[in-house]
Amino acid sequence: MQEEAFSEEAISPTHEKWDKAISRQKTIYRREDDIRSEFSRDYNRILHCTAYRRLKHKTQVFFATTNDHVCTRIEHVNHVTAVSLTIAKYLGLNTELTSSIAIGHDLGHAPFGHQGEETLKRIAKRVLGETFWHEGNSLRFVDYLETLEDPNRKEQNLNLTYAVRDGIVCHCGEVDENAIFPRRDFIDLNKVRQANQIKPYTWEGCVVKVADKIAYLGRDIEDARNLRILTSAQWSNLVRLIRSYRKNDPGKQINNTILIHNFIIDLCHHSSLGDGILFSKETLKFMMAVKEFNYENIYKHPRLNNFKRYSELLIESIFSTLEMLYKGQATIAELQRYIKEQTYPVLAGTFCEWLQKYSKGQNRRALITKYENDEIYDLNDKKDYLRATIDFISGMTDSFAIKIFNEITMF
């Protein structure tokens, strides 16, 4: 396919979706001398927010965030951004929009990777009767939980554009169908209830969706090999699988960068406005085989079982401790008593600050005037309080969750 074949569908001022794509939930402050586009502003707002910084201490697959050579969540996000940018640039799509979706797609991901997500999902189902899914939680973070200081030193919500928010909530790469097309409808994104319920609104969102899968398959294999998760027999089987796919180019080294290169080139050569964002049948079949290999030999490996039990114990213990501290409108006073008495001082202190920042009424704005972000919790409603604890835990890094667990279990 020729270069820039999608340029007529790139989100730009002449595109029919432009006004809706750049719309924000609330008016955002502006600087008179700002030279950035709407999507460039989103990129910067995500880059500077707390949730993005925390990704460097969150598990991707392997709980080894102190090992400099094992992929963390922030590295994965940067891989997805790089892959997305390469594809979008070749296809002629809006690279600023693509990069903004990609860099924000995993904000607020639970600590301890997908095992942490599964634990929070069980908790949310048990206490709220709701589901927890990381794409929806990422949208919740950028809409309500992440803030930045404005020029008046007031904390404000990120207030991202619709197209970026849409790409974030629609980013799930765990999709096995080929040929992704954007949807036409402009919908309320907060009514999306599960992963893959809707297609992205833009072609740029479609690119990030597929880049998510391209970025993790080979990188997880690389980590598994370095950590000796794979046996020599398993590695030999994988090498045979890869060489059978690359039978016309067998001489090159087998590594993550070559796999990513092959996936990107195949996607760019086979995608079109008429056929959608897609791989060749051969490449899609190969990707499915690699994914199956990863699940059977990496993600289900016995060495990960202890980590899964450990992370579940930590998250459940932190949640049950916070659940115990609920006292309705007196909850903040109760937390302050725990702080004063040095009982769970870190947990009580940080969660008290969280509730003051996001709760409705006198607990917050009458006391702390720097907060002008949305008030989302009513402490008279226990469900709101439990939702606050889930939000709070999902924002934690692995290391902070471990610190809190040690605080509530050691004497």
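Each value in this text was obtained by applying a stated rule to the coordinates, not by laboratory testing. None of these values were measured; they are calculated from a predicted model. Here the Cβ positions follow ideal geometry from the backbone for every residue, glycine too, while neighbour counts run over all protein chains shown.
When the charge dipole of the chain is built from unit charges on Cβ atoms (+1 for Lys and Arg, -1 for Asp and Glu) and taken about the Cα centre, the candidate among A330, F39, Y377 whose Cα reaches farthest toward its positive end is A330. For segment 1-85, GluC sites (Glu not before Pro) are listed when DSSP marks them as loop and at most 16 other Cβ atoms sit within 10 Å of their Cβ; the list is E3, E4, E16, E32. Sorted ascending by nearby beta carbons within 10 Å, beginning with the fewest, H76, H109, H270 become H270, H76, H109. Here the 3J(HN,Hα) profile of segment 221-232, calculated from phi with Karplus coefficients 6.51, -1.76 and 1.60 at θ = phi - 60°, is 5, 4, 5, 4, 5, 5, 8, 6, 6, 8, 7, 5 Hz, Gly and Pro shown as x. Across every direction, the projection of the convex hull enclosing the Cα atoms of segment 303-409 has a mean area of 7.0 nm². For the chain, a crude dipole built from +1 on the beta carbon of Lys and Arg and -1 on the beta carbon of Asp and Glu, taken about the Cα centre, is about 940 debye to the nearest 20. The charge dipole of segment 133-200, taken about its Cα centre with unit charges on the Cβ atoms of Lys, Arg (+1), Asp and Glu (-1) only, comes to about 200 debye. Here C172, C206 are placed in order of increasing Cβ neighbour count within 10 Å, fewest first, which gives C172, C206. Relative to the compact-globule estimate of 2.2 N^0.38 Å, the Cα radius of gyration of segment 100-174 comes out at 1.21.
The charge dipole of segment 303-409, taken about its Cα centre with unit charges on the Cβ atoms of Lys, Arg (+1), Asp and Glu (-1) only, comes to about 120 debye. List the trypsin sites (Lys or Arg not before Pro) within segment 300-364 that fall in a DSSP loop (any state other than H, G, I, E or B) and whose Cβ has at most 12 other Cβ atoms within 10 Å. Within segment 300-364, the qualifying trypsin sites (Lys or Arg not before Pro) (loop, at most 12 other Cβ atoms within 10 Å) are K300. Restricting the GluC sites (Glu not before Pro) of segment 158-208 to loop positions (DSSP other than H, G, I, E, B) with no more than 13 neighbouring Cβ atoms within 10 Å leaves E174, E177. Farthest towards the positive end of the charge dipole of the chain, among the residues S280, T321, Q60, is the Cα of T321, using unit charges on the Cβ of Lys, Arg, Asp and Glu.
For the chain, the average shadow cast by the Cα convex hull is 21.5 nm², which is a quarter of the hull's surface. A dipole drawn for the chain from +1 and -1 charges on Cβ atoms has a positive end, and of A401, W203, Q25 the residue lying farthest that way is A401. Only helices enter this figure: runs of n ≥ 4 DSSP H residues, each worth -39500 (n - 2.57), summed and divided by the residues of the chain, yield -16500 deg cm²/dmol at 222 nm to the nearest 500. In sequence order, segment 111-122 has phi-based couplings of x, 6, x, 6, 5, x, 4, 5, 5, 5, 5, 5 Hz under the Karplus curve 6.51 cos²θ - 1.76 cosθ + 1.60, θ = phi - 60°, and Gly or Pro positions carry x.
Counting other Cβ atoms within 10 Å as a rough exposure proxy, the listed residues T231, T161 run T231, T161 from fewest neighbours to most.
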